[in-house]
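Take a look at the structure below.
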């Protein structure tokens, strides 16, 4: 299977796991491309590109947010990776030529150790963290969509648990 097929199948399976009564889960899955140097960096005077698929679960249930799965060529200099993503994330991708990252947004900064303890990778953003599954691109393709959907469901459940804290209420989100 290709990255696109595996990512879409993963999100489809995820929606069916979280919302078993949901008909036609594929209608919530869209393609996206990240091209903002502040978030994905630049190399050789070009803005890096993260491309992938997302599912805005908020359209199904307002208590949920968007889940993203991106394929990323690892072309940034190590110092730029650490500056943009934080040391933990930069170390996780240090030896990978290409990686896949599944992630959810907007964890409070003090959730760093909790995200690690749950087996996920925190990605530092300006005021928040993203919780991520980071894997070599080839490994992503060798596992089933059901496997990745199960792992991604754990990620979504962590987001739900930490988002319900009084200091981090759920926010309305979009697919972008």
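Coordinate-derived values only; no laboratory data. In this text, all values refer to a predicted model and were calculated from it rather than measured experimentally. Backbone-built Cβ (ideal geometry, glycine too); neighbour counts: all protein chains shown.
Taken over the alpha carbons of region 3-163 as equal point scatterers, the Debye sum produces base-10 log I(q)/I(0) values at 0.14 Å⁻¹ of -0.67. If you take the alpha carbon radius of gyration of region 46-105 and divide it by 2.2 N^0.38 Å, what ratio comes out, to two decimals? Output field value: 1.31.
Helical content of the chain, expressed as a calculated mean residue ellipticity at 222 nm, amounts to -11000 deg cm²/dmol (DSSP H runs of 4 or more residues, -39,500 (n - 2.57) each, divided by residue number, nearest 500). Each of 107, 19 was scored by other Cβ atoms within 10 Å of its Cβ. Arranged with the fewest first, they read 19, 107.
What FRET efficiency do you get for residue 59 and residue 157 if R0 is 25 Å and r is their Cβ-Cβ distance, rounded to the nearest 0.05? Plugging the Cβ-Cβ distance into 1/(1 + (r/R0)^6) gives 0.85. When the label point is put 7 Å from the Cα of residue 144 along its Cα-to-beta-carbon vector, which residues of region 6-38 have a backbone N closer than 20 Å? Under cut-off, by backbone N: 6-21, 25-26. Using the Cβ-Cβ distance between residue 118 and residue 44 with R0 set to 30 Å, the FRET efficiency works out to roughly 0.25.
Here 95, 26, 42 are placed in order of increasing Cβ neighbour count within 10 Å, fewest first, which gives 95, 26, 42. When you restrict to C-alpha pairs under 8 Å that are six or more residues apart and normalise by the size of region 24-164, the relative contact order lands at 18 percent. Ordering 31, 82 by the number of other Cβ atoms within 10 Å of each residue's own Cβ, fewest first, gives 31, 82.
Between residue 21 and residue 109, the distance separating the two model label sites (each 7 Å from Cα on the Cα→Cβ line) works out to 4.2 nm.
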